[in-house]
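This report refers to the structure that appears directly beneath it.
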Amino acid sequence: MTCSPLRTAVIGCGAIAYEHLPFLARSPSALPVALCDQSPAMMAAAAAAFDLKVNLYANAEEMLLAERPDVVHVLTPPQTHSRLVRAALDTDAHVICEKPMTGSADETAALIEAARNAGKLLVESRNLLFNDSIIDLRARIQAGALGDVRECDILLSLDFLAGPFGDLNLNGPSTGLPGGAVQDFLPHLVYLFQALTGSEAADSVMGEYINRSGNRRAGFDFCDVLVRSGPTRGRLRVAADVEPSAFRIAVRGTLASIETDLYNPYIRLEGPPYVGKTYALGQIRGGFGLVKSGADNLRNKVRQHGTMHGMPRMLEAIYTAIREGNEPPITAREMMATAELTDQIVALGQRP
Amino acid sequence: MKVFLTGAGGFLGSAITNAAAASGHSVLALYRPCSRIEPPSELVEPVKGDLRQRGDWTEKLAEANCVVHCAAAASGDLATQLTGTVLATENLLAALPEGLQRFVHISSFSVYDFSAPGPFGRLDEESVLEPHPLRRDAYTQTKLIQERMIRAHCNAKDIPLVVLRPGAIYRTAADWDYGRALRAGPFDLIFGPLSSMRLVHVDDCASAVIAAIDAPLERELVINIVGSKPITYWGLYRRARQSGEMLGIPIPVPYMLVRMLGGAAWVASRVFFEGRARLPEWLDLPRQEARWRSLSYSNRRARAELGWHPDRDCAIAD
């Protein structure tokens, strides 16, 4: 059965738009009808880059009223999301919003409520859940390969201060978020922790959420927290001052442990049958696996299969849910759980 | 002229600042807020600001009767270069004062279509611009957008415009890695050894900019800026070696062989990666052409229209 594509508009033509637009330009599920950005030049550049014959608008509300799109992608800075999401819902559009959707769980709850009242889907982007290695990890966990999951450590080491987040040539804070630059990345760590451990609410959160560099534009640039949720422990770290860049994830269970990296993916599994006296055989096997991962990563770099490769899968899943009237791949309950745990972590930075 | 100069802290911008002050222009020199500022003379007034954001710099811009736009992002990913070149230019154009007497834009040779001239042909101001920017790098894409925006704005506002397209700007041979394409262990690979480099010394380029500020002008001029005595990649390497640079063992790689490598990479990309492979410059056909194709360049128009006489052609080995 063929369905007519959903008429789609994009608000915000910055860097992240270049991750959404390839899907919109190629997918039979979507028909791009409009782009919107305060900068006509950036908007025109984005349209040209993907050969989109769409209408261009400098004003979002004007665009929404004129085009009446079925789906709106909100890809602007976080502090503008609430207004734009509400405006899109008011014109009967489903909304896909980049993370973090808001700066607090209260704001997220209000937007989810607004979407429910409008009878429309509102989905916050979680593209990393659709990356090859995360799909692999979740499949193994669900199959019971690790036993019961007890620990999950996630480290994002990235010199984000070298980019716009820390560029002191620019005025003002880098984000309008209470948790500063770290909060722009934190939702990734939180939803990965929750998806990999199956936990939602945290019993306790402790640790550091600070500005280590003194860079005033970043607000906060370091986070190292321990999260306890029932029998599950987690350690979530964001650091701008260590190399190399890595997005390392380790999950440990009652039977086995598994490790991967989202920047240079590999899978390292430690557990039966290679335990005790045969552990060294497992290490040798792991070595061959690492060599294969190196070759795969080289090929992936050439074919531009990078860290954002899960984005088109996520968007396709959301579009399918919209078309078929199903629950989206990222539910309101999951979005709230992430927003609430993010709030708890960010609060560590605001205590006197 | 009271000149508002963007990118004053950069490689070319600082040379223009010195040259403009030396020629008696008063300069409002825009530096990024974190730049170290050392104005070369009392004729230079530093202005702090970043074109990526509106700010107090717009008030200083209102005092100028000529703008020299040198600021651009020369490196980084596409998003960085779009912001640093395209968005920055959009903000500058939006803030231009009424009655501006001249806009001098520092474009680039990279905007040309290097496949257009015939074999061993000439690339000059009449040559066509790159018709397929997406096959080139982010720098070319953003410089093309920038030039188009400036031309449209100046035409609409009736502002006399000089577009300067400098070649490869250098101060020392090290700026272009002595003509090397690659280093492999002890070997230095010289691609297209007999192809001309379109070099121009940074001080010569700055003097062309000053000449563009002063030259008689009705509406619009497009001028290429290259040195008078072309030098090949092999020639540059040889001169650097003669002047005592510690270089490796040179391996000249004929341009035809470079093209064959590029062709093989293109086929591999089509067969194995659906044509989506990200290739380095030395394997990417359009970028190979832009860098190593054997073409000739001329500064005849610059000499005729600007009265410009580059005098540092031989300084590279000094």
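Of note:
- Per the listing A:Glu124, A:Glu151, the residue uniquely buried (at least 21 other Cβ atoms within 10 Å of the Cβ) and either of a type outside the set (Val, Ile, Thr) or more than 19 Å from A:Met335 (Cβ to Cβ) (or both) is A:Glu124.
- Complete set of residues in segment A:49-99 that are more than 26 Å from the chain's Cα centre (by Cα), outside any strand (DSSP E or B) and among the aliphatic types (A, V, I, L, M): A:Val54, A:Ala58, A:Met63, A:Leu65, A:Ala66
- Counted residues, segment A:321-352 - those being touching a residue at least 12 places away in the same chain (Cβ under 8 Å), farther than 26 Å from A:Cys223 by Cα and open to solvent by 40 Å² or more (accessible area, probe 1.4 Å): 2
- Note on segment B:69-101: residues that are in a helix (DSSP H, G or I) and more than 13 Å from every other protein chain (Cβ to nearest Cβ) amount to 1.
- Check on A:Arg252, out of contact with any Ser or Thr (no Cβ under 8 Å at 6 or more places or on another chain), more than 30 Å from B:Phe273 (Cα to Cα) and touching a residue at least 60 places away in the same chain (Cβ under 8 Å): yes
- Positions within segment A:51-75 being acidic (Asp, Glu) and touching a residue at least 24 places away in the same chain (Cβ under 8 Å), in sequence order: A:Asp51, A:Glu61, A:Glu67, A:Asp70
- Test: residue in segment B:242-261 that is open to solvent by 80 Å² or more (accessible area, probe 1.4 Å) and within 14 Å of chain A (Cβ to nearest Cβ): no
- Scanning segment B:69-79 for residues that are open to solvent by 40 Å² or more (accessible area, probe 1.4 Å) and closer than 13 Å to B:Lys143 by Cα gives B:Ala72, B:Ala74, B:Ser75, B:Leu78.
- Reported count of residues in segment B:6-25, each being more than 16 Å from B:Cys205 (Cα to Cα) and open to solvent by less than 40 Å² (accessible area, probe 1.4 Å), is 1.
- Residue within segment B:123-132 that is under 20 Å from B:Glu281 (Cβ atoms), buried (at least 20 other Cβ atoms within 10 Å of the Cβ), facing another protein chain (nearest Cβ under 10 Å) and not aromatic (Phe, Trp, Tyr) present: no
- In segment B:134-152, residue nearest to B:Glu218 (Cα to Cα) [restricted to those that are open to solvent by less than 40 Å² (accessible area, probe 1.4 Å) and more than 14 Å from the chain's Cα centre (by Cα)]: B:Ile150
- Evaluation of B:Ile150 against (1) in contact with a Pro (Cβ under 8 Å, 6 or more places away or on another chain); (2) under 24 Å from B:Ser207 (Cα atoms); (3) within 14 Å of chain A (Cβ to nearest Cβ) (one fails), failing number: (1)
- Search result, residues across segment A:145-196 that are within 14 Å of chain B (Cβ to nearest Cβ), aliphatic (A, V, I, L, M) and in contact with a Lys or Arg (Cβ under 8 Å, 6 or more places away or on another chain): A:Leu168, A:Leu170
- Scanning segment B:41-68 for residues that are open to solvent by less than 60 Å² (accessible area, probe 1.4 Å), away from chain A (no Cβ under 14 Å) and either more than 24 Å from A:Gly172 (Cβ to Cβ) or among the β-branched types (Val, Ile, Thr) (or both) yields B:Ser41, B:Val44, B:Ala64, B:Asn65, B:Cys66, B:Val67, B:Val68.
The values are calculated or read from the model by the stated rules, or taken from the named source; none is laboratory data. All figures in this text were calculated on a predicted structure; none of them were measured in a lab. Don't worry about glycine lacking a Cβ; one is built from the backbone with ideal geometry, like all the others, and counts go over all protein chains shown. Heavy atoms of the whole protein, side chains included, go into the accessibility calculation; ligands, DNA and RNA do not. Shrake-Rupley method; radii C 1.70, N 1.55, O 1.52, S 1.80 Å.
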